[in-house]
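Rule-based calculations on the coordinates, nothing more; no lab input. On a predicted model such as this, the values are computed, not experimentally measured, just so you know. Neighbour counts are summed over all protein chains in view; Cβ atoms, including those assigned to glycine, are modelled from backbone coordinates with ideal geometry.
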Protein chains: 2
Amino acid sequence: LVESWSFLDTVESNFRPLVVIELAKGTKEETIEWLTKRIVDKKANGGAQLLIKPMVTEDGVENIYLVGASHLRLLLGAEAVGLVKECSDNSMRTFTYSSRKTFKHFADDNHNFLTMAECQYIIKHELENLRAKNEKMIPGYPQAKLYPGKSIVRRLLTSGILVQIFPLHDREELKKLSHSWYGRVKVGYQPLDDIRCYFGETIALYFGFLEYFTFALIPMAVIGIPYYVFAWEDYDKYVMFATFNLLWSTVILEVWKRICAILTYRWGTLLMKRQFEEPRPGFHGVLGINPVTGREEPVYSSIKRQLRIYLVSLPFVCLCLYFSLYVMMIYFDLEQWALDYHKENESNFSSLMLYVPSIIYAVVIEIMNRIYRYAAEFLTSWENHRLESSYQNHLILKVLVFNFLNCFASLFYIAFVLFDMKLLRQSLATLLITSQILNQFAESLLPYWLQKRYNRRMKKRMCSKKTDMDLSLAEQVNMEKEMGTYLGTFDDYLELFLQFGYVSLFSCVYPLAAVFAVLNNITEIYSDALKMCRVYKRPFAEPTANIGVWQLAFETMSVISVVTNCILIGMSPQVDALFPDSKMDLVLTVALVEHLLLAIKFIMAFVIPDKPRDIQTKLAKLEFESLEALKQQ
Amino acid sequence: LVESWSFLDTVESNFRPLVVIELAKGTKEETIEWLTKRIVDKKANGGAQLLIKPMVTEDGVENIYLVGASHLRLLLGAEAVGLVKECSDNSMRTFTYSSRKTFKHFADDNHNFLTMAECQYIIKHELENLRAKNEKMIPGYPQAKLYPGKSIVRRLLTSGILVQIFPLHDREELKKLSHSWYGRVKVGYQPLDDIRCYFGETIALYFGFLEYFTFALIPMAVIGIPYYVFAWEDYDKYVMFATFNLLWSTVILEVWKRICAILTYRWGTLLMKRQFEEPRPGFHGVLGINPVTGREEPVYSSIKRQLRIYLVSLPFVCLCLYFSLYVMMIYFDLEQWALDYHKENESNFSSLMLYVPSIIYAVVIEIMNRIYRYAAEFLTSWENHRLESSYQNHLILKVLVFNFLNCFASLFYIAFVLFDMKLLRQSLATLLITSQILNQFAESLLPYWLQKRYNRRMKKRMCSKKTDMDLSLAEQVNMEKEMGTYLGTFDDYLELFLQFGYVSLFSCVYPLAAVFAVLNNITEIYSDALKMCRVYKRPFAEPTANIGVWQLAFETMSVISVVTNCILIGMSPQVDALFPDSKMDLVLTVALVEHLLLAIKFIMAFVIPDKPRDIQTKLAKLEFESLEALKQQ
C-alpha cells in the first residue's frame, strides 16, 4: 500500500470536479494558499493528496474551488473508508487496493468502478480527516484556534471561513435517474439501486422504506374500503379488522428488517465496519485527553450534560407538552362554539363552519411543531453531545414525543374522555387529510416553485435560453450553490411515523385512513423524488445499514395501537351489548384480549428472524473466512 | 508463528497430566496406536502435537490415558482459542504468542501464566479439533465412518470407543479453593476469581449470579418481614411494597448486566471472539457441503426440522401442559376432600392432613418435571439441531414453559379463579419450602452422601487409610473417573428462575417469600460449592460473556409479575373498598396503573446502560486501536 501511495501523482490530465468548496468572500490570500496546499499535499506530509482547482466567477472573485481526485487516489480512499463491494464470485467484501483485481467490474481503466456518490463520499471523508499538525490557528485568523489532530475543515466551517462544501450534480445521470424514477407515470418499483448510486444509502433506504410501507398498507386499505362503503358496524367484523391490523403491523415491521438486510447487504453497508466517530462540529469543551483515542480534544463532563438534560431539557419538554394540551382544550372550546353556532342558525355556511376549528387546529399544530422543532434543536445543541449520533437520538426523542402528543392528544381526548366516536372519526379524517396536504405543499411544491422562479431569473440574467443540459460548469456550480440544503431524512420519516399513527392507533374507528395514507404515499414518492432531484443541492451519500431509531419508534407505535384499539373495540356499543349483565366482564375480557395480543406480538417479533437465511449464511461465511484467515496468520 | 511451531518438541521432561481419556475396555490395539499417533503428531501433519501417556491400572488393563502439553504448546493453543489476557498496562488483549512479552505476569518460565482450567480448555479444544484427513473410518472399527474434516474425538465418543474425557482435579488448589469458598462460616463474598480460575467462566458466572441475586433479594426480604410480623394488611402499604418489588426487580436485572460486564471484562471473555461452531455430537444427516465453510459435513434440511418442531414437539408440549393442568385439578379435589375431612372430624391429625395434598402435589410436580425433562431432551435431540447452542435454546424453552406452568398454574388458579388469598398464601409457602428442601436434598446432599460412601469403599479396597491429599495419581484418576458428571448450569439456573417466580409473581400476598429465598440461597451457595468440589468430576471450563437466555427468562418473569401483582392488589378488599360505587373504575384504574408500571419498566430497561461507562470506554478504545491498526497496514 505504501508503494502505491508513492506512485500517486497529484497532477492528472483529466480533472473531474466532484465536490465544491465555497469560501467566504474576502477570505485572506494566505488562508487560501495554506488550505489548498494542505489539500493537495502528499499523504505522507499530512495532506489529503486531492486535486483542487479555483473557479473564476463572472465577477472575478475567487471564492469557489472544485475538488477532485485521481482514479488511484479514489481507490485508496475507498479502502480507507472501508467500502464494501461485490466480488467476481458474487460475495461482498471490504475493498482493498491490493485485492482490487478480485472485484466485479474492476479494471484499471474503468473509472465507473466507484459510483460518483461513493467518490464524493470518499472526498468528503478525506477532507474532514485533514487534521492540524503543528498549526496553533488557521493562518490569517488568529481567533480560529487549532490543536494537533483537530479537523481543519470543521474548524473552517465553525469559524465561518468555509461557507459550504457540497457535491456536484451529474446532470446527465440525474436526467436518466429522474426519468426512470418519476419522469413517467408507471406502475412499478422505484429504481432503488440507481437512487443508491446517485444519492447514497441513507436516502435510498428512506425511499425503499416509503415504497415498502405503501405496499404494506395496501392490504389494510383494501380491507378497509368495504367497511366504509357498506358502513359495516358489526362487532365481529370490527374485531377481525382490528386484529388483522395489529398483527399485520407487527409482521410488516419485522419483514422490513429482513428487506432492509437484503438491500443493505447488496449495497455493502450491512458489512461495513463502523468508523470511529469524531466529535460533532458544534461540540465544545476544555482541551483534554480523550480516554478512547488518547488524543488531545475538547472534553465535556458527562455529568454536566446529564444535569442539562434532566434539569433543563426535560422540564422544558414537559412544559411544551402542557402548553400543547392547553391549546387542545382551546380547540375543544372552539369546536363546542361552532357546534352551538350551527345549531342556532342552521345553514350551509354554518355546517361548513363545523370543519373550521379542526382545520385551524391542524394548522396550529403544524406551526407549533415547527416552532418546537427549533427549540428542540437549540436545546439539544446546548446539551453539547460529543457525537452526532447521540445528538440525533436526543433530538429525535424530543421531537417525537412532542409531535406524538400534538397530533394525537386531541384524538385520545375525544376517544377516551368524550367517548364521541363520530367526532373522533371526523377529527381523524380532518387531521390526516389537512396535515397531508400541508406537508406535501410545504415540503416539495413550495420549494420547487421558488427554485424554479429563481432558476428562471438566473438564466435571464445570464442572457441565454439554454436548457439545463447545456449549462457550463461555472453556471451549474453557481446555480447549485444557491439551492437549498437537504437536511436529512428526519422530516420524511417523521411524516411517515405520524401517518402510521393515524392509520393504526384508531384503525377500527376509521378504516379509510389506510386508503388516504396509500394515496398520499404514492404522491409522496413523486414529490420527494422531485425534491431530491430538482429542489435541493445534491446531498453527500451517507452509508447506513438500517433506519436506526425509527424502527424502534414504529414498533413502539404499534404496541400503543394494540392498547388503543382494544379499548376502542371494548367501548363500541356492539361489544357492549354482548355483556348486558356485567360491565366488569367486558372490561376484564378486553384486558385479557389486549394482553394476549401484546404477548403474540412480542412472540412474533422474537420468532421471525431479522435477517433472511441466505443473508445469515453469507454473513456467517464471511465471519468464518476471517476466523480462518486469522488462524492461517 | 510458523517458526515457533517447529521449535516445539513433543517430548518434554516434566509431563504434567491435565486431561484424562478413558477408552472402552477391549479397544483394539491398532485403534489406540492410531489415536495416540494422531494426538502426538506434529501440527503440520494434522496432529494435535500434545503429550500422551498410558496409565496402567491395578488390573493391568491399559484403557486410561493422560494427556498433557508442553508450556510452549499451551501458549500457542491459547492463541488458537483466542484467549484474552491482561496486559502489563492493565488493558485486556487477545493473547498472541508473538506479543507474549506485553502480558502481565508473563515469563518464559512462569508456568502459571495460564490457569490450569485454561490449559485444560485448550487441550479439549485441540482434541476436538483433531480432524480426519483421508481416513474413511476409525482403524479397527469399520462401522465408525469418517470423512475429511470430521472431528475424530466426536466420532470416537458417538461410536462408544471413547468413554469419556475429563480434566483432572488439582487436589492442592481444590483444597485451597474449598477452604476459602465454603470451608469456614464467614460473612463475605465468594472468591469468584478463584472459582473462575479453577472451574471456568460459566460456573463462576453462575455463582456470581447466585450471590448477586441473593444480595438483591435482601432489601425485599427486609421490607417483607414487618408485613408478616405486624400482619400489615393496609392497602397503601401493599401497593408500596408491590411497586417497590416490581421496580426493584427491573433494576436488579439491569444492574446484573452491568456487573456481568465488569466480571467478564476482567476475565477476558467479554472480548473473546466467538469461534465458529461445529455441529453438535448427536447431529446426523446425509453428507453434503456446508454453505458457510464449504466443507463436507452432514447436512439436515431445516424444513424437516421445522416440521418436527411444529408438528411433533409443539403438540407434545401442549399435551403435557394439558396433563399438568389435569393433575392440578385432581390436587384441588384432594384439597377439598381434606378440608371436608377436617371439618367432619376436627383433630390435630386432621389439621395436619390439610397440608398433605399440598405436599403430595409438590412432590408430584417435582416428579413430573423430571420425567418431562427426559422427554424434552429426547425430543430436542430428535429435532436434530446442528448447533449445541440452538439445541440448548430449544431445550431450555421447552423445559421453562412446562416448569413454569407446573409450578405456578395451581397458584394462578387459586388466585384468579378461586379468589382465595388465604389458600394462595398457604400453597405458596408450602410449594416454595417443599421444593427448596427437595432440591437441596436431591441436588447436593444425596449425591454427596453416595459419593462419600463410594469413596470409603474405594479406599477400603485399596487397603489404605490415606487422606485425599496423599492419593497417588493412579488412585486419583480411578476415583475421579467414577464420579458423576456435572451436566451444566441448567438446573441451577432453573431453580433460581422458579424461585424468582415464587418471590415476585405473588409478592404482595406473601412478602415472606423473599426471606425464604434468601435463606435458601445462602445454603444453596454452600451446597452448590460442595457439589462442584466434592461430588462431581471437574468440568471443563467454558468461556462465556453472559448468562445467555436466562437473562431473557428472568426479564419475562418480571414482566409477568407486574401483571399478576396489579391484579392481586386490585382484588384485595382494601382496594375494593376504595371504589364503593363502581367496580368498573376499579378495574380501569388497575389496568391504567399496570400499563404505567410496564411502561416505566421498559423505559428503565432502555435508559440504564448495559455496560458501565468505564467498560464502554475500554471497549471503544480497543475498537479504535484495531481500526487504527488496520489503517496502518
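Suppose we keep just the DSSP beta bridges with both residues in chain B; what percent of those would be antiparallel, to 5?
Restricted to chain B, the bridges split so that about 95 percent are antiparallel.
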Assign one of three labels to segment B:19-111, namely rounded, prolate or oblate, based on the Cα gyration tensor with a ≥ b ≥ c the square roots of its eigenvalues; rounded applies when a/c is under 1.5, prolate when it is not and a/b is larger than b/c, and oblate otherwise. prolate
Between B:Met240 and B:Ala44, how many nm apart are label points set 7 Å from Cα along the C-beta direction? 7.7
Amide H proximity to B:Leu51 below 5 Å, modelled H, separation 5+ or other chain, gives B:Gly68, B:Ala69, B:Ser70
Whole-number percent relative contact order across segment B:440-598, with pairs defined as alpha carbons under 8 Å at least 6 apart: 29
Cβ-based net charge around B:Leu192, under 14 Å, with every Lys or Arg adding one and every Asp or Glu removing one: -3
Taking θ as phi - 60°, what are the ³J(HN,Hα) couplings along segment A:138-144 by the Karplus curve (6.51, -1.76, 1.60), each to the nearest whole Hz, with x for Gly and Pro? 7, x, x, 10, x, 6, 8
Quick note, the protein assembly as shown: a/c under 1.5 would make it rounded; otherwise a/b > b/c is prolate and the rest oblate (a ≥ b ≥ c, C-alpha gyration tensor); here it is oblate
Quick one: angle between helix A:421-440 and the longest Cα principal axis of chain A, in degrees between 0 and 90, rounded to 10, please. 20
Taking the label point 7 Å from Cα along the Cα-Cβ vector, the copy-to-copy distances for A:Gly484, listed from shortest in nm with one decimal, are 7.4
For A:Ser88, place a label point 7 Å out from Cα along the Cα→Cβ vector, do the same in each other copy, and report the separations in nm, one decimal, smallest first. 4.7
Karplus couplings for segment B:108-120 from phi (6.51 cos²θ - 1.76 cosθ + 1.60, θ = phi - 60°), rounded to Hz, Gly and Pro as x? 4, 9, 8, 7, 9, 4, 8, 6, 4, 4, 5, 4, 5
Hey, what number do you get for chain B at 222 nm if only DSSP H runs of n ≥ 4 count, each worth -39500 (n - 2.57), divided across all residues, to the nearest 500? -20000 deg cm²/dmol
Going by alpha carbons, how many degrees (0 to 90, nearest 10) lie between the helix axis of A:235-267 and the longest principal axis of chain A? 10
Rounded to the nearest Å, what's the spacing between the alpha carbon centres of segment B:376-402 and segment A:79-102? Just the number, please. 40
Quick one: what are the phi-derived ³J(HN,Hα) couplings along segment B:585-596, Karplus 6.51/-1.76/1.60 with θ = phi - 60°, whole Hz, x for glycine and proline? 4, 4, 4, 5, 4, 4, 4, 4, 4, 4, 5, 4
Rounded to the nearest Å, what's the spacing between the alpha carbon centres of segment B:186-255 and segment A:250-274? Just the number, please. 40
Can you pull the semi-axes for chain B, root of five times each eigenvalue of the Cα gyration tensor, sorted largest first, whole Å? 49, 29, 26
I need to check one value: relative contact order of segment B:366-466, counting alpha carbon pairs closer than 8 Å and at least 6 residues apart, in percent. 18
Principal-axis tilt of helix B:446-461 within chain B, Cα atoms, nearest 10 degrees: 40
So the FRET efficiency between A:Ser350 and A:Thr556, C-beta based with R0 = 41 Å and rounded to 0.05, is 0.50
Got the A:Tyr189 label distances to the other copies yet, label 7 Å along Cα→Cβ, in nm, shortest first? 5.5
Let me know the shape class of segment A:230-317, please: from the alpha-carbon gyration tensor, a ≥ b ≥ c as square roots of the eigenvalues, rounded when a/c is under 1.5, otherwise prolate if a/b is greater than b/c, or oblate. oblate
Mean separation of Cα contacts under 8 Å, 6 or more apart, over the residue count of chain B: relative contact order %: 18
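Please figure out what share of the DSSP beta bridges in the protein assembly as shown is antiparallel and state it in percent, rounded to the nearest 5.
95
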Fraction of alpha-carbon pairs in segment A:330-431 farther than 16 Å apart, rounded to whole percent, equals 64
